[in-house]
Amino acid sequence: MKIAVTSASGQLGSAIVKQLIQEISSDQVIAIARTPEKAKHLGVEVRIGDYNNREDFNSALKGVDIVLLVSGMDDPQKRIQQHRNVIDAAKQNGVKKIVYTSIIGDSENTAFSHVVKSNRQTEEDLKNSGLVWVIGRNGIYIEPDLEFIDTYIKEGEIRNCAQTGKCGYTSRPELAYAYAQMLLHSKHNGKTYNLIGEAITQSELATYINTVYNTDLKYTSVSVEEYKKERQHALGEFIGTIISGIYEGIKNGVNNVPSDYEKAAGRPHKSHIDSIKDYKSNHTTS
């Protein structure tokens, strides 16, 4: 059996490749990357695959049984066709199954909705493809908050527009473990899973970070419009709008959904405290 992972040079894709290597032999895993050199360190066969190039995937998926399709990072409307390029090439090559990394969220009411909507279209495309499919809807990664820890410490606060909304955070290692099980076990076929841990507020997140990092952060709530302007100023209009939309969604409760993680992974999701401890132990901070 050959399992191919797309976007394998990215953080989630590479984490899934590493988890698969632990589960099965490395010669059964193929990493697909737009820039193959960036995936060479994974120690598996690497093939070129640009989501914009259908011919890349006609070659990259030869002899492949199962594909892990990591959702692309391009403009949402472009991503629909990019994902179709992979699905169509999979059908042409006789691939048996595709597992897709989708996302939790609201497809209508926030500035992040157009991203979620494009993911929902790929979910429908998969269901209509005639292939065996499994869909994971990822929660918000906890890592970006931890990567931002020095700034939080400098400012003394976590500041956004989520207010008292709860978010079912997850982490890339936890997702990688779940996706490996979804790839390898047929009992998951035809299922859609919310891949999240415990739903917590931003104040609770600050408390957990304070516990692990011995910091004294507080949570400051601001309006959606104020936060949107702040993020656009800091990150540019496109990214700033998307980030504000994510936190608006948290405020609206779209990330406070039942977790299917244990069904997908066969074990409970790690606690957020443990995920934060794991991250800290693997990353040095200034």
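The values are calculated or read from the model by the stated rules, or taken from the named source; none is laboratory data. Note that the structure is a prediction, hence the values are computed from the model and not measured. Methodologically, a virtual Cβ is constructed for each residue, glycine included, from the backbone with ideal geometry; neighbour enumeration extends over all protein chains shown. What goes into the accessible areas is simple: the full protein's heavy atoms, side chains included, and nothing from ligands, DNA or RNA. Shrake-Rupley method; radii C 1.70, N 1.55, O 1.52, S 1.80 Å.
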Subset of region 10-52, residues small (Gly, Ala, Ser) and farther than 21 Å from Gln81 by Cβ, comes to Ser14, Ala15, Ser25, Ser26, Ala31, Ala39, Gly43
Having 3 or more residues that are modelled with pLDDT of 95 or more and either among the aromatic types (Phe, Trp, Tyr) or open to solvent by 10 Å² or more (accessible area, probe 1.4 Å) (or both) is the bar; report the strands (runs of 3 or more DSSP E) wholly within region 30-138 that clear it. 45-48, 97-103, 132-138
Exclusive hit being closer than 30 Å to Ser271 by Cα and not aromatic (Phe, Trp, Tyr), set Ile142, Ile48, Ile87, Ile66: Ile142
Over region 190-236, the set of residues of a type in the set (D, E, K, R), more than 23 Å from the chain's Cα centre (by Cα) and more than 30 Å from Lys270 (Cα to Cα) is Glu225, Glu226, Lys229, Glu230
Condition first: assigned to a loop (DSSP other than H, G, I, E, B) and either surrounded by 15 or more Cβ atoms within 10 Å (Cβ to Cβ) or basic (Lys, Arg) (or both). Now tell me which residues in region 1-23 satisfy that. Lys2, Thr6, Ser7, Ala8, Ser9, Gly10
Residues of region 159-207 being out of contact with any His (no Cβ under 8 Å at 6 or more places or on another chain), aliphatic (A, V, I, L, M) and part of a loop (DSSP other than H, G, I, E, B), in sequence order, are Ala162
What are the residue pairs meeting all of these: first residue in region 22-39, first residue of a type in the set (Asp, Glu), second residue open to solvent by less than 50 Å² (accessible area, probe 1.4 Å) and in a helix (DSSP H, G or I), Cβ atoms under 8 Å, and 6 or more apart or on different chains? Glu23/Ala180; Glu23/Leu184
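Quick check on my filter: what residues within region 139-161 are of a type in the set (A, V, I, L, M, F, W, C) and open to solvent by 60 Å² or more (accessible area, probe 1.4 Å)?
Phe148, Ile153
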Condition check for Thr164: open to solvent by 60 Å² or more (accessible area, probe 1.4 Å) and within 21 Å of Asp274 (Cβ to Cβ): no
Could you please give the count of residues in region 227-249 that are assigned to a helix (DSSP H, G or I) and loosely packed, with under 14 Cβ neighbours inside 10 Å? 5
Please go through region 245-262 and give me each residue that is in contact with a helix residue (DSSP H, G or I) (Cβ under 8 Å, 6 or more places away or on another chain) and farther than 13 Å from Gln163 by Cβ, ordered by number. Gly245, Tyr261
What number of residues within region 250-286 satisfy the criterion of being in a helix (DSSP H, G or I) and either free of Cβ contacts under 8 Å to residues at least 60 places away in the same chain or under 12 Å from Thr110 (Cα atoms) (or both)? 7
